[in-house]
Amino acid sequence: MKICLIAPVPPFRGGIAKYCYSLAQELEKRHELLLLSYARLYPGFLFGGKSQIDPTVDRNRIQSEFSNLSYNIDSVSPLAWFRTAEKIAAFKPDAVIFPWWVVYWIPMYLYLLHSLRKQGIRVLFLCINVFEHEDNRVKKFLTKLTLRRVDAMIVHSDQEKGEILSFHPTARVRKHLLPLFSYDAGTGSRNDGKFHLLFFGFVRPYKGLDILLEAVGILKDSSISLKIVGEFWKDKDEYLACIKELGIADKVDIVDRYVPDEEISCYFAWADLVALPYRKSRTSGIIATAYGFGKPVLASDVGGFNEVVSDCYTGRIIAPDNPQAFAEGIEWFLTNREVDFAGNIAEFASREMSWSSLVDMIEKLTGDNEH
């Protein structure tokens, strides 16, 4: 098939770019791929004042991996949208794939959808998130308005499948768990006799870091060591005050910066357990990353987390917004260290979480047998 994927890929930072890059690698193996990425992904003010580019990534190396990759789209320029539509038309794809995760993309996506519909080109949305983590009524209205214009979608949880079908009952929606993210194996110092907890990723209120800090404070276990690795978008001082008030400063190490791919493996290799005390979410690339390193997760029972975390097998699922329950979850891991989580995770992921099976699903949804 001839497939066009419109998506950010490295050197853009973050889990979305990593997701799209991993998908593009699998598509490149099996199809003629036109990969259209961005010259400018977001205006700077929408990215929390942080850089959108990972300076450690060689763009020329990424470009050499694909036969037809360009970084020309300016997300805020209608002229760039027009040129993108022209480029797609000239390629004559069998299908065009759009990743969906925030309402920012609505103007450009609607323009391109109109163009593709006139040409009779099939469209597939890969919904990394159906609704934003920090949504509101207006964002939900705009999301529904956009997704109703798409007939074929893939989501990563049953919850999100149900959400789409509730407002677009004729849509063809399939669920595939978020595939594993792979990185080079790393080494992290683990010879201190402590139990290593890792909180990884951008620190935002919905991720519930304060819940994890309170749980560590409840335990008062000297063997626990917590690393918080990721940029604080705001309110860092509030977390520092919480750490001081709980008396756990000697147990907490903060790495307040973006961590490039080449360093990620060191932190996950160090970890015994990856913590996701989220107040709300639907899916998370952090679970897929942890599983890629064979690490169990302790996660709140929100969104589709209970579909990807097999309780007492690949991790634990805990009541959300409950520091005491989270503390008890940590204690469970402290007393069950003999469980072969790495083996369990490998078995589970091989069945449910591969990029190859995701592309199989894409082929079925965009092929003639589905139309």
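The values are calculated or read from the model by the stated rules, or taken from the named source; none is laboratory data. Not measured: the values here are computed from a predicted model. Please note: Cβ atoms are built from the backbone with ideal geometry, for glycine as well, and neighbour counts cover all protein chains shown. Surface areas here come from the heavy atoms of the whole protein model, side chains and all, with no ligands, DNA or RNA. Shrake-Rupley method; radii C 1.70, N 1.55, O 1.52, S 1.80 Å.
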Residue list for the range 46-88, filter: of a type in the set (K, R) and touching a residue at least 24 places away in the same chain (Cβ under 8 Å): K50, R59, K87
For the range 131-150, what are the residues that are touching a Lys or Arg at 6+ places or on another chain (Cβ under 9 Å) and at pLDDT 95 or above? R149
Going by what's in this entry, would K364 be described as surrounded by fewer than 21 Cβ atoms within 10 Å (Cβ to Cβ), under 30 Å from L124 (Cα atoms), in contact with a Phe, Trp or Tyr (Cβ under 9 Å, 6 or more places away or on another chain) and not hydrophobic (A, V, I, L, M, F, W, C)? no
Odd one out for L177, checked against (1) farther than 30 Å from H114 by Cβ; (2) open to solvent by 50 Å² or more (accessible area, probe 1.4 Å); (3) of a type outside the set (S, T, Y): (2)
Does the range 114-135 contain at least one residue that is charged (D, E, K, R), in a helix (DSSP H, G or I) and under 26 Å from L165 (Cβ atoms)? yes
Which one is least open to solvent (accessible area, probe 1.4 Å) among residues in the range 107-138 that are more than 28 Å from A288 (Cβ to Cβ) and of a type in the set (S, T, Y)? S115
Condition (residue is under 21 Å from the mean Cα position of the chain (by Cα), outside any loop (DSSP other than H, G, I, E, B) and more than 20 Å from E26 (Cβ to Cβ)) applied to the range 318-328: is it met by at least one residue? yes
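Rundown of residues vs (1) of a type in the set (F, W, Y); (2) open to solvent by 70 Å² or more (accessible area, probe 1.4 Å); (3) in a helix (DSSP H, G or I); (4) farther than 20 Å from H156 by Cα, yes/no style:
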{"site": "N60", "(1), (2), (3), (4)": "no, yes, yes, yes"}
{"site": "Q63", "(1), (2), (3), (4)": "no, no, yes, yes"}
{"site": "N72", "(1), (2), (3), (4)": "no, yes, no, yes"}
{"site": "A80", "(1), (2), (3), (4)": "no, no, yes, yes"}
{"site": "A89", "(1), (2), (3), (4)": "no, no, yes, yes"}
{"site": "F98", "(1), (2), (3), (4)": "yes, no, no, no"}
{"site": "K140", "(1), (2), (3), (4)": "no, yes, yes, no"}
Every residue from the range 296-309 that is touching a Phe, Trp or Tyr at 6+ places or on another chain (Cβ under 6 Å) and modelled with pLDDT of 95 or more: P296, A299, S300
Only one of V359, V302 is under 30 Å from E28 (Cα atoms) and under 21 Å from the mean Cα position of the chain (by Cα), namely V359
Note on the range 298-314: residues open to solvent by less than 20 Å² (accessible area, probe 1.4 Å), in contact (Cβ under 8 Å) with a residue 40 or more places away in the chain and either part of a helix (DSSP H, G or I) or in contact with a Pro (Cβ under 7 Å, 6 or more places away or on another chain) (or both) are S300, V308
Quick one: is T170 at pLDDT 95 or above, out of contact with any helix residue (DSSP H, G or I) (no Cβ under 6 Å at 6 or more places or on another chain) and among the hydroxyl-bearing types (S, T, Y)? yes
Filter result for the condition that a residue is of a type in the set (A, V, I, L, M, F, W, C), in contact with a helix residue (DSSP H, G or I) (Cβ under 9 Å, 6 or more places away or on another chain), over 29 Å from W101 (Cα atoms) and open to solvent by less than 60 Å² (accessible area, probe 1.4 Å), over L276, L213, L219: L219
Does A288 satisfy the condition of being closer than 19 Å to S225 by Cα, part of a helix (DSSP H, G or I) and in contact (Cβ under 8 Å) with a residue 12 or more places away in the chain? no
Within the range 225-235, restricting attention to residues that are at pLDDT 95 or above and more than 21 Å from the chain's Cα centre (by Cα), which residue is surrounded by the most Cβ atoms within 10 Å (Cβ to Cβ)? L226
